[in-house]
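The values are calculated or read from the model by the stated rules, or taken from the named source; none is laboratory data. Remember, predicted model here, so these are calculated numbers, not experimental data. A quick note on method: Cβ atoms are made from the backbone with ideal geometry, for glycine too, and the neighbour counts reach across all protein chains shown. Ligands, DNA and RNA are excluded from the accessible area calculation, which covers all protein heavy atoms including side chains. Shrake-Rupley method; radii C 1.70, N 1.55, O 1.52, S 1.80 Å.
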Amino acid sequence: MPLLPGRCRDVLDVTPVDPQLVVEVAVDVARDAAGRWRHPVRLHRTRPDLSAESVPLFGE
């Protein structure tokens, strides 16, 4: 249950999902000890030209 940095001290739930859509996002490079982004991720655009199966999982 990660904390939302810089916003509050409420504990937030993390829900893994099954990828079905590919998008580009803008992120800060800072990550916590568990590898989660420390700052909000911003949606850049959807990528309808790519399938979720054609994109490697993060870290692979």
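Taking the condition assigned to a loop (DSSP other than H, G, I, E, B) and either open to solvent by less than 100 Å² (accessible area, probe 1.4 Å) or in contact (Cβ under 8 Å) with a residue 40 or more places away in the chain (or both), does Asp49 pass? Criteria not met by Asp49.
Considering segment 1-24, the residues that are part of a strand (DSSP E or B) and out of contact with any strand residue (DSSP E or B) (no Cβ under 6 Å at 6 or more places or on another chain) include one that is modelled with the highest pLDDT, namely Val11.
Of the residues making up segment 24-40, those that are open to solvent by less than 80 Å² (accessible area, probe 1.4 Å) and among the charged types (D, E, K, R) number 3.
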